[in-house]
Amino acid sequence: MDSSLVQQWDAPGSPFLPTIGKGTQFLVGFTLVVLGFTLFGGFALNRSFVNIPILGVPASLALAFGTVYMFCAVGVWRDRISQPSLDTVFTTLHNPSETMASAIGSVPPRPPLFRAITSSTRQIYQLLKCISFTTKAHVQITQDGIRFAVDHSRVMQGVAFLDKALFSKYALTLPDDDDSALPQFQINLAAFLEALQIFGASDAAARQAKAEAESYRSNLKNYRPDAFNHQTLGMTGTCCLLYEEDGSALGIILEETGVKTQCNMTTYLPDQPDDIPFDRDDLTFKIIMQAKWLLDGLSELAPMSPTRMTITASPTAPYLSLSSGGPVGSASVDFSSGRELLETFSVREKWTQSFKFDLIKSASEAMRIASKVSFRGDGQGVLSLQFMVEVEGGSVSFLDFRFVPYAENTLEDDEDTGSEGAEFD
């Protein structure tokens, strides 16, 4: 034969026409398969040499040909699905230059506004868990890191800053390098934390919390890694934060041991109130101590079920005092000024302010994981607690809390109410 098989197949004068059309192959194959199973069932109920040519052989042929036609029919429909639609063909013919440009990659895809990858998912979870006393968090993405800020009724503020050193890849693409257009939005912090712990980011913290007998018990072995956790076994996971553009959802892509999970969180318009003013140029006192000492002090006051806590810093003894009173009784914890207890001690004049105990208690999670705390108070009575948290790689992260004190007239009213109640009893 002069012409090849392919030429004969593609010859316009002699197209290949199968005996059974492509549109009916599935129906024919399905009918043969059903007939084959029916004959096979009859042969199984009446097994004899006589029924072999009557039932057995036709059942085998029906199953064989039916299976072949089923495969052919499925292959035909798969080819039909993979064929381009008319709209795609029309677009290609209408604008071939644009299609060719996208095909050869001359027009690169638009990069996302922000993208960061880290393997320290557990540490990010622990840092953000410390400020989870409210559900909504204000997020600001900068060139140096990500700032999470939460606020409670304008009397307490918590800020967690995730430095870019926590991420192996950190890319912020601003339009025309305009730093004034930094991405800002609000997210549901509780949902964000739930997404981060999909692969057990808080296993160690959860086990330790369940083992605690008291709410504010200090333990130097907090978050000690388990022998069977993923970090110890070398099963490292990654977390990717993706923010395509202003107003888009915040993507969280978690991957660990070949399993990938993507969560898209709804972002809200930024509505962050101004920061609680704290005058660093008018500091009345500054004390740096180990965070666990402050946590131990709260554990001594907690059994009294106090509603308020009074903090007193004085240049003379008692140098630092934490006192509270409640329905059960009153308690006071005094700190000496030795270097082994207070690493830095600077008090300009006596400073005394009262705060709501539950608000101070909200920072107890930061006291657990931090190594040091900077105790500061300004001239207007605002209290600042800045915690230093050691993270992997020898770097540190900071958590900042600010508290607004009770007004003096409020204290006097409460004292009068308490005295009147005592006389009534």
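The values are calculated or read from the model by the stated rules, or taken from the named source; none is laboratory data. This is a predicted model, so every value here is computed, not measured. All Cβ positions, glycine included, derive from the backbone under ideal geometry; neighbour counts span all protein chains shown. Ligands, DNA and RNA are excluded from the accessible area calculation, which covers all protein heavy atoms including side chains. Shrake-Rupley method; radii C 1.70, N 1.55, O 1.52, S 1.80 Å.
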Extension length gain for Ile52 and Val259 (0.36 nm per residue less Cα distance), in nm, is 69.3 nm
For the range 260-389, what are the per-bin percents of Cα-Cα distances with bins 10 Å wide, up to the bin holding the maximum? 11, 38, 32, 11, 7, 1
Write down the radius of gyration of the range 257-335 and its Dmax, each obtained from C-alpha positions, in Å. 20.5, 61
Spacing of the two label points (7 Å from each Cα toward its C-beta) at Gln380 and Arg348, in nm: 1.4
Heavy-atom accessible area with a 1.4 angstrom probe orders Asp282, Asp400, most exposed first, as Asp282, Asp400
Given a cut-off of 19 Å, name the pairs among Lys136/Lys169; Lys136/Lys356; Lys169/Lys372; Lys129/Lys361 whose C-alpha atoms lie farther apart than that in the structure shown. Lys136/Lys169; Lys136/Lys356; Lys169/Lys372
Note, ³J(HN,Hα) from phi for the range 165-176, Karplus 6.51, -1.76, 1.60, rounded to Hz, x at Gly and Pro: 5, 6, 10, 6, 9, 9, 9, 10, 9, 9, x, 6
Step through the residues of the range 250-260 one at a time and calculate ³J(HN,Hα) from phi using the Karplus curve (6.51 cos²θ - 1.76 cosθ + 1.60, θ = phi - 60°), rounding each to whole Hz and writing x for Gly and Pro. 8, x, 10, 10, 10, 9, 7, 6, x, 9, 10
Two decimals, Cα atoms only, Kirkwood Rh: what is Rg/Rh over the range 253-292? 1.30
From the backbone phi of the range 53-70, what are the Karplus-calculated ³J(HN,Hα) couplings (6.51 cos²θ - 1.76 cosθ + 1.60, θ = phi - 60°) in whole Hz, Gly and Pro given as x? x, 7, 10, x, 5, x, 5, 5, 5, 4, 5, 5, 5, x, 5, 4, 5, 5
